[in-house]
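Below is one structure, written out as C-alpha coordinates, with a few remarks after it.
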Amino acid sequence: MSHVLRSSLAISRCSSIAELATPALNTLWGLACANPREQPLVALDRQVLYSRICVRDPYFALQEVMESARGELTARVPVEMEPGAEASPISAAEVGRHLAILGSCAVSRVNPQEGQHYYLARRARVERLHEGPLPRAPGLLWGQAKAEFKERRTASAFTLLSSAEGQPLFSMNVDFNVLSAAAFQRLFQGARQELRREPRAERAPRDAGPVDFLSLRQNPHREPPPLRDLVREGECLRGTLGPVGPELCKGHFALYPVLPVAVVMSGLSGLAGTLLRQWLGNDSARYLVKSGNVRAESLAYAGETVRFDAHRLGGEGREHHFDCWASVGTRVVGTMELTLTALER
(Lines give C-alpha, C1' and ligand atoms only; values in the text may rest on other atoms or scores of the structure.)
Protein backbone atom coordinates (compact mmCIF):
# COMPACT_ATOMS: atom_id res chain seq x y z
CA MET A 1 0.00 0.00 0.00
CA SER A 2 2.85 2.36 0.85
CA HIS A 3 4.33 2.11 -2.65
CA VAL A 4 0.98 2.89 -4.24
CA LEU A 5 0.52 5.90 -1.99
CA ARG A 6 3.99 7.17 -2.76
CA SER A 7 3.40 7.00 -6.50
CA SER A 8 0.08 8.85 -6.09
CA LEU A 9 1.84 11.71 -4.33
CA ALA A 10 3.97 12.83 -7.27
CA ILE A 11 3.42 16.58 -7.42
CA SER A 12 5.41 18.81 -9.73
CA ARG A 13 5.63 22.51 -9.12
CA CYS A 14 3.56 24.25 -11.79
CA SER A 15 5.49 26.21 -14.38
CA SER A 16 3.50 29.37 -13.67
CA ILE A 17 4.70 29.85 -10.09
CA ALA A 18 7.37 32.31 -11.17
CA GLU A 19 4.74 34.21 -13.14
CA LEU A 20 2.51 34.30 -10.05
CA ALA A 21 5.19 35.72 -7.80
CA THR A 22 4.55 39.19 -6.45
CA PRO A 23 7.51 41.33 -5.33
CA ALA A 24 6.72 40.22 -1.79
CA LEU A 25 7.19 36.58 -2.83
CA ASN A 26 10.35 37.08 -4.86
CA THR A 27 12.47 36.19 -1.85
CA LEU A 28 12.00 32.58 -2.94
CA TRP A 29 14.18 33.37 -5.97
CA GLY A 30 16.85 35.16 -3.98
CA LEU A 31 15.42 38.66 -4.29
CA ALA A 32 14.55 41.06 -1.52
CA CYS A 33 11.26 40.46 0.25
CA ALA A 34 8.97 43.49 0.15
CA ASN A 35 7.49 44.34 3.49
CA PRO A 36 3.71 43.76 3.28
CA ARG A 37 3.19 46.70 5.58
CA GLU A 38 4.62 49.00 2.89
CA GLN A 39 2.16 47.97 0.15
CA PRO A 40 -1.04 49.92 -0.65
CA LEU A 41 -3.72 47.68 0.80
CA VAL A 42 -7.51 47.67 0.88
CA ALA A 43 -9.19 46.02 3.87
CA LEU A 44 -11.55 43.11 3.20
CA ASP A 45 -14.30 42.79 5.77
CA ARG A 46 -14.66 39.25 7.12
CA GLN A 47 -18.35 39.20 6.18
CA VAL A 48 -17.39 40.03 2.59
CA LEU A 49 -15.11 37.00 2.57
CA TYR A 50 -17.75 34.83 4.25
CA SER A 51 -20.12 35.68 1.40
CA ARG A 52 -17.63 34.09 -1.03
CA ILE A 53 -16.07 31.16 0.87
CA CYS A 54 -17.64 28.47 3.04
CA VAL A 55 -15.45 28.33 6.13
CA ARG A 56 -16.16 30.28 9.30
CA ASP A 57 -14.58 30.93 12.63
CA PRO A 58 -13.14 29.30 14.64
CA TYR A 59 -11.53 27.44 11.71
CA PHE A 60 -11.12 30.80 9.97
CA ALA A 61 -8.77 32.77 12.22
CA LEU A 62 -7.09 35.24 9.84
CA GLN A 63 -7.00 38.87 10.88
CA GLU A 64 -6.70 42.13 8.94
CA VAL A 65 -7.13 40.56 5.51
CA MET A 66 -6.04 43.08 2.88
CA GLU A 67 -5.95 43.13 -0.92
CA SER A 68 -3.12 44.87 -2.77
CA ALA A 69 -4.30 43.82 -6.25
CA ARG A 70 -6.99 41.52 -7.58
CA GLY A 71 -6.32 38.10 -6.06
CA GLU A 72 -3.26 39.27 -4.10
CA LEU A 73 -3.90 39.21 -0.36
CA THR A 74 -2.06 39.70 2.88
CA ALA A 75 -3.28 38.88 6.37
CA ARG A 76 -2.13 38.64 9.95
CA VAL A 77 -1.83 35.00 10.99
CA PRO A 78 -2.19 33.85 14.61
CA VAL A 79 -0.39 30.91 16.15
CA GLU A 80 -3.15 29.02 17.94
CA MET A 81 -1.51 25.63 18.44
CA GLU A 82 1.65 24.86 20.37
CA PRO A 83 4.32 23.63 17.93
CA GLY A 84 5.15 20.85 20.38
CA ALA A 85 8.19 18.88 19.25
CA GLU A 86 8.55 21.02 16.11
CA ALA A 87 11.32 23.53 16.73
CA SER A 88 9.57 26.16 14.62
CA PRO A 89 7.62 29.38 15.24
CA ILE A 90 4.46 27.53 14.12
CA SER A 91 3.66 23.91 13.33
CA ALA A 92 3.61 22.94 9.67
CA ALA A 93 0.06 21.63 10.05
CA GLU A 94 -1.16 25.00 11.29
CA VAL A 95 0.72 26.66 8.45
CA GLY A 96 -1.29 24.49 6.08
CA ARG A 97 -4.56 25.47 7.71
CA HIS A 98 -4.06 29.24 7.64
CA LEU A 99 -2.39 29.46 4.22
CA ALA A 100 -4.99 27.22 2.58
CA ILE A 101 -7.74 29.49 3.91
CA LEU A 102 -5.87 32.60 2.78
CA GLY A 103 -5.33 30.97 -0.61
CA SER A 104 -9.05 30.21 -0.91
CA CYS A 105 -9.82 33.85 -0.09
CA ALA A 106 -7.43 34.96 -2.84
CA VAL A 107 -8.99 32.51 -5.31
CA SER A 108 -12.46 33.81 -4.43
CA ARG A 109 -11.35 37.27 -5.52
CA VAL A 110 -10.48 36.05 -9.04
CA ASN A 111 -13.39 33.61 -9.40
CA PRO A 112 -15.31 34.75 -12.51
CA GLN A 113 -18.51 33.39 -10.95
CA GLU A 114 -20.12 35.51 -8.26
CA GLY A 115 -21.61 34.09 -5.09
CA GLN A 116 -20.53 31.61 -2.46
CA HIS A 117 -18.30 28.69 -3.43
CA TYR A 118 -16.61 25.80 -1.69
CA TYR A 119 -12.85 25.71 -2.19
CA LEU A 120 -11.75 22.13 -1.54
CA ALA A 121 -7.99 21.79 -1.23
CA ARG A 122 -7.00 18.72 -3.25
CA ARG A 123 -3.21 18.85 -3.16
CA ALA A 124 -0.50 21.03 -1.69
CA ARG A 125 3.21 21.26 -1.16
CA VAL A 126 4.60 22.88 2.00
CA GLU A 127 8.28 23.82 2.33
CA ARG A 128 10.13 25.21 5.29
CA LEU A 129 12.18 28.29 4.38
CA HIS A 130 13.78 29.14 7.72
CA GLU A 131 16.89 27.61 9.22
CA GLY A 132 16.01 26.08 12.53
CA PRO A 133 15.49 25.78 15.29
CA LEU A 134 13.43 28.86 16.12
CA PRO A 135 11.21 29.55 19.15
CA ARG A 136 7.42 29.71 19.01
CA ALA A 137 6.24 32.96 17.48
CA PRO A 138 5.24 35.41 20.23
CA GLY A 139 2.65 37.21 18.14
CA LEU A 140 0.97 37.48 14.77
CA LEU A 141 2.74 36.40 11.57
CA TRP A 142 2.34 37.71 8.01
CA GLY A 143 0.56 35.63 5.37
CA GLN A 144 0.56 36.45 1.66
CA ALA A 145 -1.22 34.78 -1.24
CA LYS A 146 -1.60 35.20 -4.99
CA ALA A 147 -4.18 33.17 -6.88
CA GLU A 148 -5.09 32.19 -10.41
CA PHE A 149 -8.20 30.55 -11.77
CA LYS A 150 -7.19 27.82 -14.20
CA GLU A 151 -10.45 26.32 -15.42
CA ARG A 152 -14.09 26.51 -14.45
CA ARG A 153 -13.66 24.28 -11.38
CA THR A 154 -9.94 24.38 -10.57
CA ALA A 155 -7.73 27.10 -9.15
CA SER A 156 -4.34 27.51 -7.50
CA ALA A 157 -2.77 29.79 -4.94
CA PHE A 158 0.85 30.40 -4.09
CA THR A 159 1.32 31.47 -0.50
CA LEU A 160 4.04 32.61 1.85
CA LEU A 161 4.22 32.86 5.64
CA SER A 162 6.70 35.27 7.19
CA SER A 163 7.62 36.41 10.67
CA ALA A 164 6.44 39.75 12.01
CA GLU A 165 9.79 41.16 10.86
CA GLY A 166 9.42 39.77 7.31
CA GLN A 167 11.63 36.67 7.57
CA PRO A 168 10.22 33.96 5.25
CA LEU A 169 9.20 30.88 7.25
CA PHE A 170 7.12 28.60 4.99
CA SER A 171 5.80 28.53 1.45
CA MET A 172 2.84 26.54 0.21
CA ASN A 173 1.43 25.94 -3.24
CA VAL A 174 -2.15 24.65 -3.11
CA ASP A 175 -4.61 23.50 -5.76
CA PHE A 176 -8.37 23.69 -5.24
CA ASN A 177 -11.47 22.10 -6.65
CA VAL A 178 -14.11 24.81 -6.83
CA LEU A 179 -17.79 24.01 -6.36
CA SER A 180 -20.74 26.35 -6.21
CA ALA A 181 -22.80 26.11 -3.04
CA ALA A 182 -25.61 24.43 -4.98
CA ALA A 183 -23.27 21.85 -6.53
CA PHE A 184 -21.64 21.08 -3.18
CA GLN A 185 -25.00 20.58 -1.49
CA ARG A 186 -26.13 18.22 -4.25
CA LEU A 187 -22.93 16.16 -4.09
CA PHE A 188 -22.67 16.00 -0.30
CA GLN A 189 -26.29 16.00 0.78
CA GLY A 190 -25.61 12.77 2.70
CA ALA A 191 -23.25 14.70 5.00
CA ARG A 192 -25.85 17.27 6.04
CA GLN A 193 -26.56 17.37 9.76
CA GLU A 194 -29.02 19.61 11.55
CA LEU A 195 -26.73 20.47 14.43
CA ARG A 196 -29.42 22.40 16.32
CA ARG A 197 -31.93 19.57 16.34
CA GLU A 198 -31.77 19.51 20.14
CA PRO A 199 -33.28 22.54 21.91
CA ARG A 200 -30.91 25.04 23.48
CA ALA A 201 -30.42 24.73 27.21
CA GLU A 202 -32.31 27.30 29.25
CA ARG A 203 -30.36 30.31 30.37
CA ALA A 204 -28.89 30.08 33.82
CA PRO A 205 -30.52 32.26 36.48
CA ARG A 206 -28.89 35.60 37.15
CA ASP A 207 -27.51 34.44 40.50
CA ALA A 208 -25.92 31.26 39.09
CA GLY A 209 -22.47 32.84 38.92
CA PRO A 210 -20.34 33.95 35.97
CA VAL A 211 -20.87 32.22 32.63
CA ASP A 212 -17.78 30.48 31.23
CA PHE A 213 -18.01 31.87 27.72
CA LEU A 214 -14.63 30.33 26.83
CA SER A 215 -15.94 26.81 27.35
CA LEU A 216 -19.14 27.69 25.47
CA ARG A 217 -17.07 28.74 22.48
CA GLN A 218 -14.28 26.19 22.59
CA ASN A 219 -11.94 26.20 19.62
CA PRO A 220 -11.00 22.60 18.73
CA HIS A 221 -8.35 23.82 16.32
CA ARG A 222 -6.07 24.93 19.14
CA GLU A 223 -5.15 21.31 19.85
CA PRO A 224 -3.95 18.44 17.65
CA PRO A 225 -6.56 15.78 16.91
CA PRO A 226 -6.78 13.31 19.84
CA LEU A 227 -5.52 10.09 18.27
CA ARG A 228 -5.97 6.95 20.36
CA ASP A 229 -5.04 3.26 20.32
CA LEU A 230 -1.53 3.85 18.97
CA VAL A 231 0.07 0.63 17.75
CA ARG A 232 3.57 0.27 16.35
CA GLU A 233 4.64 -2.48 14.00
CA GLY A 234 8.26 -2.12 12.96
CA GLU A 235 8.63 1.02 10.86
CA CYS A 236 4.89 1.74 11.00
CA LEU A 237 2.73 3.50 13.58
CA ARG A 238 -1.04 3.75 13.45
CA GLY A 239 -3.81 5.30 15.51
CA THR A 240 -7.49 6.16 15.27
CA LEU A 241 -9.64 9.23 15.64
CA GLY A 242 -13.32 9.10 16.32
CA PRO A 243 -16.05 8.63 15.86
CA VAL A 244 -15.48 12.22 14.71
CA GLY A 245 -17.78 14.61 16.56
CA PRO A 246 -19.19 17.72 14.86
CA GLU A 247 -17.21 19.83 17.34
CA LEU A 248 -13.96 18.82 15.56
CA CYS A 249 -15.41 20.28 12.36
CA LYS A 250 -16.39 23.70 13.74
CA GLY A 251 -16.35 26.26 10.95
CA HIS A 252 -15.90 23.59 8.24
CA PHE A 253 -18.63 23.51 6.90
CA ALA A 254 -21.94 24.88 8.27
CA LEU A 255 -24.59 22.10 8.23
CA TYR A 256 -22.10 19.81 6.45
CA PRO A 257 -19.57 18.96 9.16
CA VAL A 258 -16.53 17.33 7.57
CA LEU A 259 -13.08 16.94 9.07
CA PRO A 260 -10.81 19.69 7.66
CA VAL A 261 -7.88 18.53 5.56
CA ALA A 262 -5.57 20.49 7.88
CA VAL A 263 -6.81 18.46 10.87
CA VAL A 264 -6.17 15.23 8.97
CA MET A 265 -2.67 16.38 8.08
CA SER A 266 -2.04 17.53 11.66
CA GLY A 267 -2.82 14.01 12.81
CA LEU A 268 -0.54 12.47 10.19
CA SER A 269 2.42 14.79 10.79
CA GLY A 270 2.09 14.38 14.55
CA LEU A 271 1.99 10.60 14.16
CA ALA A 272 5.12 10.69 11.99
CA GLY A 273 6.84 12.84 14.61
CA THR A 274 5.92 10.34 17.33
CA LEU A 275 7.28 7.50 15.19
CA LEU A 276 10.51 9.44 14.62
CA ARG A 277 11.01 9.94 18.36
CA GLN A 278 10.31 6.27 19.02
CA TRP A 279 12.75 5.28 16.27
CA LEU A 280 15.40 7.57 17.78
CA GLY A 281 14.67 6.20 21.25
CA ASN A 282 14.32 9.75 22.53
CA ASP A 283 10.84 10.88 23.60
CA SER A 284 12.04 14.46 24.01
CA ALA A 285 13.75 14.75 20.61
CA ARG A 286 12.83 17.81 18.57
CA TYR A 287 12.59 18.05 14.81
CA LEU A 288 11.68 20.30 11.90
CA VAL A 289 9.30 19.66 9.03
CA LYS A 290 11.42 20.12 5.91
CA SER A 291 8.68 19.52 3.34
CA GLY A 292 5.37 17.82 2.82
CA ASN A 293 3.39 16.75 -0.24
CA VAL A 294 -0.31 16.44 0.54
CA ARG A 295 -3.17 14.99 -1.44
CA ALA A 296 -6.80 15.03 -0.34
CA GLU A 297 -8.57 12.02 -1.81
CA SER A 298 -11.99 12.29 -0.15
CA LEU A 299 -13.74 13.76 2.90
CA ALA A 300 -14.17 12.29 6.38
CA TYR A 301 -17.63 13.04 7.76
CA ALA A 302 -18.75 13.63 11.31
CA GLY A 303 -19.69 10.27 12.82
CA GLU A 304 -16.97 8.32 11.01
CA THR A 305 -13.85 6.80 12.56
CA VAL A 306 -10.60 7.68 10.79
CA ARG A 307 -7.49 5.51 10.86
CA PHE A 308 -4.09 7.22 10.64
CA ASP A 309 -0.92 5.43 9.45
CA ALA A 310 2.67 6.63 9.30
CA HIS A 311 5.45 4.56 7.69
CA ARG A 312 9.12 5.48 7.99
CA LEU A 313 10.77 4.80 4.62
CA GLY A 314 14.35 5.55 5.60
CA GLY A 315 16.66 8.49 5.88
CA GLU A 316 19.97 10.16 5.13
CA GLY A 317 21.81 11.74 8.04
CA ARG A 318 19.31 13.70 10.09
CA GLU A 319 16.59 13.63 7.43
CA HIS A 320 13.87 11.00 7.67
CA HIS A 321 11.22 10.24 5.04
CA PHE A 322 7.66 9.11 5.75
CA ASP A 323 4.61 7.93 3.89
CA CYS A 324 1.42 8.75 5.76
CA TRP A 325 -2.25 8.18 5.01
CA ALA A 326 -5.64 8.51 6.63
CA SER A 327 -8.57 6.26 5.77
CA VAL A 328 -12.13 5.40 6.66
CA GLY A 329 -12.48 1.68 6.09
CA THR A 330 -11.13 1.04 2.60
CA ARG A 331 -11.62 4.69 1.54
CA VAL A 332 -8.48 6.80 1.53
CA VAL A 333 -9.15 10.28 2.92
CA GLY A 334 -5.74 11.84 2.45
CA THR A 335 -2.07 11.05 1.92
CA MET A 336 1.13 12.83 2.84
CA GLU A 337 4.75 12.41 1.85
CA LEU A 338 6.77 14.00 4.66
CA THR A 339 10.42 14.76 5.34
CA LEU A 340 11.44 15.50 8.93
CA THR A 341 14.81 16.78 10.08
CA ALA A 342 15.82 15.41 13.49
CA LEU A 343 17.68 17.87 15.71
CA GLU A 344 18.87 15.10 18.03
CA ARG A 345 20.06 11.65 17.14
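The values are calculated or read from the model by the stated rules, or taken from the named source; none is laboratory data. Keep in mind the model is a prediction, meaning the values are calculated, not measured. We place every Cβ from the backbone using ideal geometry, glycine too, and count neighbours over all the protein chains shown. Accessible surface areas use protein heavy atoms only, side chains included; no ligands, DNA or RNA. Shrake-Rupley method; radii C 1.70, N 1.55, O 1.52, S 1.80 Å.
The table for this structure:
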item	result
Average accessible surface area per residue within the stretch 264-345, 1.4 Å rolling probe, Å²	36
Packing-based order for 298-304, 99-105, using average beta carbon neighbours within 10 Å, highest first	99-105, 298-304
Three-way shape label, the stretch 248-345, alpha-carbon gyration tensor, a/c 1.5	prolate
Fraction of accessible area attributable to carbon and sulfur, the stretch 283-345 (%, probe 1.4 Å)	46
Surface share of carbon and sulfur [accessible, 1.4 angstrom probe, percent] for the stretch 36-148	48
